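Trainee: What follows is a single structure, and I will ask about it in a moment.
The values are calculated or read from the model by the stated rules, or taken from the named source; none is laboratory data. Keep in mind the model is a prediction, meaning the values are calculated, not measured. Cβ coordinates were reconstructed from backbone atoms using ideal geometry, including for glycine residues, and neighbour counts include every protein chain displayed. All accessible areas refer to the heavy atoms of the entire protein, side chains included, with ligands and DNA or RNA removed. Shrake-Rupley method; radii C 1.70, N 1.55, O 1.52, S 1.80 Å.
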Amino acid sequence: MHFNIYLAGEIHTPWRDELKTAATELDLPVSFHSPITDHASSDDCGVSILGSEEKAFWHDQKAAGINSILTRSLIEKSDIVIVKFGEKYRQWNAAFDAGIASALGKQLIVIHPEEFQHALKKIDAAANAVASNTDQVLQILKYITGKA
């Protein structure tokens, strides 16, 4: 079986590339999809395409609307959604993506450090698996694809 996987969450580390590389090296039957991970491009796409805004709120609204087209479409088409919560920033977008995935009945794998357990307890409760690193996620993918 082939799995379509959406990689949501933090964009400040190369975790997506590391997971993709490892999965390719193991010849896992998976395809990965991601949001726009260039922070400036993501934040400014609305005003770049639709015109500038005086207020930051409307600047952000335009970008959020455009980015949500991609995010929602990819989550809907995914078999599995993997959401990584980074250590440095509050990841409101990651929490929202996890909520959408859960509401759509998607299989959900969450990655976060142990110290986030209390703050993310409801997301963890909705997840099929809660990992502390991408190596554990890779082991899950190996297992479910029969490559363990």
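Trainee: Restricting the search to region 106-118, which residues are under 19 Å from Ile140 (Cα atoms) and either basic (Lys, Arg) or open to solvent by less than 70 Å² (accessible area, probe 1.4 Å) (or both)?
Mentor: Restricting attention to region 106-118, the residues satisfying the condition of being under 19 Å from Ile140 (Cα atoms) are 106-114.
Residues satisfying the conditions are Lys106, Leu108, Ile109, Val110, Ile111, His112, Pro113.
Trainee: Still on this model: When you check Gly99 against the structure, is it open to solvent by less than 50 Å² (accessible area, probe 1.4 Å), on the phi < 0 side of the Ramachandran plot and not in a helix (DSSP H, G or I), yes or no? I'd like the intermediate steps shown before the answer.
Mentor: Details: open to solvent by less than 50 Å² (accessible area, probe 1.4 Å): yes; on the phi < 0 side of the Ramachandran plot: yes; not in a helix (DSSP H, G or I): no.
Criteria not met by Gly99.
Trainee: List the residue pairs whose Cβ atoms are under 8 Å apart, where the first residue sits in region 135-148 and is more than 14 Å from Ile82 (Cβ to Cβ), the second is assigned to a helix (DSSP H, G or I) and open to solvent by 30 Å² or more (accessible area, probe 1.4 Å), and the two are 6 or more positions apart or on different chains.
Mentor: Ala148/Gln139; Ala148/Lys142
Trainee: Would you check which residues across region 119-148 are modelled with pLDDT of 95 or more, part of a loop (DSSP other than H, G, I, E, B) and open to solvent by 30 Å² or more (accessible area, probe 1.4 Å) and list them?
Mentor: Asn128, Ser132, Asn133, Gly146, listed by residue number.
Trainee: So which of Lys20, Lys77, Lys55 ends up being over 23 Å from Ala119 (Cα atoms), at pLDDT 95 or above and more than 15 Å from the chain's Cα centre (by Cα)?
Mentor: Numbers: Lys20 fails: more than 15 Å from the chain's Cα centre (by Cα); Lys77 fails: more than 15 Å from the chain's Cα centre (by Cα).
Step by step, each of Lys20, Lys77, Lys55 is checked, and only Lys55 is over 23 Å from Ala119 (Cα atoms), at pLDDT 95 or above and more than 15 Å from the chain's Cα centre (by Cα).
Trainee: Test each condition in (1) under 22 Å from Trp15 (Cβ atoms); (2) open to solvent by 20 Å² or more (accessible area, probe 1.4 Å); (3) assigned to a helix (DSSP H, G or I) for Ser48 and report the one that comes out false.
Mentor: (1)
Trainee: Return only the number of the condition from (1) surrounded by fewer than 18 Cβ atoms within 10 Å (Cβ to Cβ); (2) modelled with pLDDT of 95 or more; (3) among the basic types (Lys, Arg) that Arg90 does not satisfy.
Mentor: Checking Arg90 against (1) surrounded by fewer than 18 Cβ atoms within 10 Å (Cβ to Cβ); (2) modelled with pLDDT of 95 or more; (3) among the basic types (Lys, Arg), the one that fails is (2).
Trainee: Now for a separate question. Any residue in region 1-16 that is within 15 Å of His39 (Cβ to Cβ) and of a type in the set (Asp, Glu) sitting within a Cβ distance under 8 Å of a residue that is open to solvent by 10 Å² or more (accessible area, probe 1.4 Å) and not in a loop (DSSP other than H, G, I, E, B)? List the pairs, counting only those 6 or more apart or interchain.
Mentor: Glu10/Lys84
Trainee: As an exercise: evaluate Ala8 against (1) touching a Lys or Arg at 6+ places or on another chain (Cβ under 9 Å); (2) buried (at least 20 other Cβ atoms within 10 Å of the Cβ); (3) assigned to a helix (DSSP H, G or I) and give the number of the one condition it does not meet.
Mentor: With (1) touching a Lys or Arg at 6+ places or on another chain (Cβ under 9 Å); (2) buried (at least 20 other Cβ atoms within 10 Å of the Cβ); (3) assigned to a helix (DSSP H, G or I) applied to Ala8, the lone miss is (3).
Trainee: List every residue pair whose Cβ atoms sit under 9 Å apart, with the two residues 6 or more apart in sequence or on different chains, where the first one lies in region 46-57 and is without any contact (Cβ under 8 Å) to a residue 24 or more places away in the chain and the second, anywhere, is assigned to a loop (DSSP other than H, G, I, E, B) and surrounded by 11 or more Cβ atoms within 10 Å (Cβ to Cβ).
Mentor: Partner pairs satisfying both residue conditions: Gly46/Glu53; Val47/Glu53.
Trainee: Please pick out the residue among Ala129, Ala119 that is out of contact with any Ser or Thr (no Cβ under 6 Å at 6 or more places or on another chain) and within 19 Å of Arg16 (Cβ to Cβ).
Mentor: On the way: Ala119 fails: within 19 Å of Arg16 (Cβ to Cβ).
Criteria check complete, one pass: Ala129.
Trainee: Restricting attention to region 53-70, which residues are surrounded by 12 or more Cβ atoms within 10 Å (Cβ to Cβ) and either in a helix (DSSP H, G or I) or β-branched (Val, Ile, Thr) (or both)?
Mentor: Initial filter on region 53-70 (surrounded by 12 or more Cβ atoms within 10 Å (Cβ to Cβ)): 53, 58-68, 70.
Passing the criteria: Trp58, His59, Asp60, Gln61, Lys62, Ala63, Ala64, Gly65, Ile66, Asn67, Ser68, Leu70.
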